[in-house]
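Please treat every number below as a calculation from the coordinates, not as lab data. All values reported here derive from a predicted model rather than from experimental measurement. Counting neighbours? That spans all protein chains shown, and the Cβs are built from the backbone with ideal geometry, glycine included.
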Amino acid sequence: MNSTPNTLPAIPVRRDDHILWNQSVKLASMLYHWKLVDSYESILRIINIHQRYLQQETFQPDHTFLPQLEEQLPKVDGPRIWASFHIGPYAIMARALIRLGYGIAILLKDDVFEEQYPMYMQQFKRSFGREPNASELQFVRSSGSKSLIQLKQLLKRGYHVICYVDGEEGDSVEKGWTKIHVHNKPLDVRMGMAILSQLSGVPIRPVVLTTEGEKLTVRSRGDLYVNNREQYSAAMQYCYQMLEELSAEEILQWECIPRLFDKIVPDKQHTAEKPIWLPVYTKEKNMLLDIVSGKYAEVSTSQFNKMETLRREFLKQF
């Protein structure tokens, strides 16, 4: 095999199912990185679970998870900055809080606003049979210079704010990033919600939603007040600490993991460990990825086809 740099060539994949497969392979490499899987069998098993998870409908029916969330959601005595993740049926957080009588403000990146705003409105209408009014739902664009001020004002008016801890609002060269750890591995994250907590005096309340079949599990940690800038990094670590409670079957519901793979895996050093190769799909090259090291290699068509056959035969067992 001729090793190549550990960045997958920027070539479109052949079919949508191949895009999903590549995402699952990246997920498996991250789980190996975090020591949540450790063998071909456990890796292929988790890939199969992830493939089935990716085929689910995006919109989660209210009659299934929403009543469970309302029952399990921690009771609070005033506005909170809900530190959520893109894990599980995270979109139902807004609906649950609104049904509990709270006004909600949601921070959205400019580059996804045009796509996600109609989705939020459509989901609200499917849940409540009407459009939301301003006292129920507000949106704030994250790129605006006054976005934190807008959120502070909304919190003061009694709105709850939903922020996504794993979001990447702002340009990567700007200030506002800090380093935390997940399973003892470093990860750079934005810390805007920690800044918002200090500015507003409103505590952060972390929450993670995961599902197993039709069962919803809600994890949350107690209120965290951020009093000064020296606490920003610790506040973000406080939020991420919950992810270490998740099993491999739960954390695979984190849609950001393929993106994390591109940032973290190239820094790995596992030269002494036996490689675990899996096929990945590009338009013109026959590529394999070593789950252990995160390195790619180009192989002959016959070698690639052999790996592809083994992959399909294994998945038929499930």
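Based on the Cβ-Cβ distance from GLN72 to SER302, what FRET efficiency comes out when R0 is 45 Å, to the nearest 0.05? Could you put the intermediate results ahead of the total?
Values: r = 53 Å, r/R0 = 1.17.
The calculated FRET efficiency here is 0.30.
Viscosity 1.567 mPa s, temperature 4 °C: Stokes-Einstein D of region 73-246 from its Kirkwood Cα radius, in µm² per second? Mind dumping the intermediate values first?
Numbers: Rh = 16.6 Å.
Roughly 78 µm²/s, to the nearest whole number.
Write out the GluC sites (Glu not before Pro) in region 26-124 meeting two conditions: DSSP loop, and at most 15 other Cβ atoms within 10 Å of their Cβ.
Working: sites: GLU41, GLU57, GLU70, GLU71, GLU114, GLU115; in loops: GLU57.
Those satisfying the criteria are GLU57.
Given a Förster radius of 41 Å and the C-beta distance between THR309 and GLU131 as r, what FRET efficiency does 1/(1 + (r/R0)^6) yield to the nearest 0.05?
Approximately 0.20, to the nearest 0.05.
Calculated from the structure, Rg and Dmax of the Cα atoms in Å equals which of [x] 20.9, 65; [y] 19.0, 60; [z] 19.0, 65?
[x]
Could you compute the net charge surrounding LEU31? Neighbours are other residues with a C-beta less than 12 Å from the C-beta of LEU31; K and R count +1, D and E count -1.
Working: positive: LYS26, LYS35, ARG45, LYS185; negative: ASP38, GLU249, GLU250.
Around LEU31, the charge tally is +1.
Pick from ASN133, ASN22, ASN48 the residue whose mean-square fluctuation is largest in a GNM of the chain, springs joining Cα atoms under 10 Å.
Looking only at ASN133, ASN22, ASN48, the largest GNM fluctuation is found for ASN133.
Using only DSSP helix segments of four residues or longer, with each worth -39500 (n - 2.57), what per-residue ellipticity at 222 nm results for the chain after dividing by its residue count and rounding to 500? Don't jump to the answer; show the numbers that get you there.
Working: 11 runs with 126 residues, N = 318.
That comes out to -12000 deg cm²/dmol.
For a quick check: sort TYR296, TYR117 by the number of other beta carbons within 10 angstrom, fewest at the front. Don't skip to the end; give the middle numbers.
On the way: TYR296 22, TYR117 14.
In increasing order of surrounding Cβ atoms, one gets TYR117, TYR296.
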